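In what follows, a structure is listed as structure tokens, so that the remarks can point back to it.
Please treat every number below as a calculation from the coordinates, not as lab data. Not measured: the values here are computed from a predicted model. Counting neighbours? That spans all protein chains shown, and the Cβs are built from the backbone with ideal geometry, glycine included.
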Amino acid sequence: RKEVEQDPGPFNVPEGATVAFNCTYSNSASQSFFWYRQDCRKEPKLLMSVYSSGNEDGRFTAQLNRASQYISLLIRDSKLSDSATYLCVVNLRAAGNKLTFGGGTRVLVKP
Amino acid sequence: EPEVTQTPSHQVTQMGQEVILRCVPISNHLYFYWYRQILGQKVEFLVSFYNNEISEKSEIFDDQFSVERPDGSNFTLKIRSTKLEDSAMYFCASSPGRGELFFGEGSRLTVL
């Protein structure tokens, strides 16, 4: 099993629709989880941290399911500008510093 | 807004040459990282650095790689003898804690 795994997509999403996708991780002791966004040929940028209770930031909702070892990201009311690759990042160490990226999920929002 | 800066933005080198990539992290951050991304592939962890020493490194980070923070501001990645497969975008990142990473714009390395 890969350490951090994502469906590569692409997810083709009509503008205004909702899209959701998951990321699975291998180490049950992992403590920190994040979603990043990467535009083509640019650096990754932090979108949001993922908290145990789930959290929301505007149109974006992140959730953590420890029992099944996955995190999810939901985007509501998709905008054309949401087109990007969404990267799941997990700190695989319970006490340490190995922030590992998934392969990314590509989202294409179309008019 | 404070940002991570990387130089050079693009370096072309011959196989077997030494390369040094430079990064200036955000000034009050404590954790520093190097990642690489081969074109079309995932972002791969190379090394994390805290308190003037390596805290984690990946299998990619072999004896050909080294990191330094020589003067308290710059954070460098050295590749001693470059190989063709080292061609990639190298991202530096810094973090105030054990999580949120702030990335530089990357240094593209092309090994011929």
*Let me have the relative contact order for chain A, percent, based on Cα pairs under 8 Å that are six or more residues apart.*
38
_Can you divide the C-alpha Rg of chain B by 2.2 N^0.38 Å and report the result to two decimal places?_
0.99
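Efficiency by 1/(1 + (r/R0)^6): what FRET value for B:SER27 and B:LYS78, r their Cβ-Cβ distance, R0 = 35 Å, to the nearest 0.05? All intermediate terms of the calculation are to be shown ahead of the outcome.
Working: r = 23 Å, r/R0 = 0.65.
Efficiency, rounded to the nearest 0.05: 0.95.
How big is the charge dipole of the stretch B:1-60 about its Cα centre, in debye rounded to the nearest 20, if each Lys and Arg gets +1 on its Cβ and each Asp and Glu gets -1 on its Cβ? If you can, show how the numbers build up before the last one.
Working: 4 positive and 7 negative charges, 27 e Å.
Computed about the Cα centre, the dipole is about 120 debye.
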_Distance in nm between pseudo-label sites at A:ASP77 and B:ASP63 (7 Å out along the Cβ direction from Cα)_ = 5.9
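Starting from the stretch B:7-112, pick out the GluC sites (Glu not before Pro) whose DSSP state is loop and whose Cβ has at most 14 other Cβ atoms within 10 Å.
On the way: sites: B:GLU18, B:GLU44, B:GLU53, B:GLU56, B:GLU59, B:GLU68, B:GLU85, B:GLU100, B:GLU105; in loops: B:GLU18, B:GLU59, B:GLU100, B:GLU105.
In loop regions of the stretch B:7-112 (DSSP not H, G, I, E or B), the sparsely surrounded GluC sites (Glu not before Pro) are B:GLU18, B:GLU59.
Which of the chymotrypsin sites (Phe, Trp or Tyr not before Pro) found in the stretch A:1-74 are loop residues per DSSP with 16 or fewer other Cβ atoms within 10 Å of their Cβ? Don't skip to the answer; put the middle values down first.
Numbers: sites: A:PHE11, A:PHE21, A:TYR25, A:PHE33, A:PHE34, A:TRP35, A:TYR36, A:TYR51, A:PHE60, A:TYR70; in loops: A:TYR51.
Loop-located and lightly packed - A:TYR51.
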*How large is log10 I(q)/I(0) at q = 0.17 Å⁻¹ when the Debye formula is applied to the Cα atoms of chain A, each weighted equally and without solvent?*
-0.75
_Unpaired by the 4.7 Å Cβ criterion, cysteines found in chain A_ = A:CYS40
*Filter the GluC sites (Glu not before Pro) in the stretch A:5-111 down to the DSSP loop ones having no more than 14 other Cβ atoms within 10 Å, then list what survives.*
A:GLU15
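Please state the relative contact order of the stretch B:27-82 as a whole percent: Cα pairs under 8 Å, 6+ residues apart?
On the way: 71 pairs, mean separation 13.2, N = 56.
Computed value for the stretch B:27-82: 24 percent relative contact order.
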_Using alpha carbons only, how many angstrom separate the centre of the stretch B:9-55 from the centre of the stretch A:41-110?_
23
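State the number of lysine pairs found in the protein assembly as shown whose Cα atoms come within less than 15 Å, restricting to pairs 8 or more positions apart or on distinct chains. Could the numbers behind the result be given before it?
On the way: A:LYS2/A:LYS98; A:LYS2/B:LYS42; A:LYS42/B:LYS42; A:LYS45/B:LYS42; A:LYS79/A:LYS110; A:LYS98/B:LYS57; B:LYS57/B:LYS78.
Lysine pairs meeting the criterion: 7.
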*Can you give me the relative contact order of the stretch B:52-94 as a percent, contacts being Cα pairs under 8 Å and 6 or more apart?*
27
*Taking the Cα centre of chain A as the origin, how large is its charge dipole in debye, to the nearest 20, when only Lys and Arg (+1) and Asp and Glu (-1) carry charge on their Cβ atoms?*
240
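For the stretch B:59-112, what D do you get in µm² per second when you plug the Kirkwood radius from alpha-carbon pairs into Stokes-Einstein at 20 °C and 1.002 mPa s?
Values: Rh = 12.8 Å.
My calculation gives 168 µm²/s for D.
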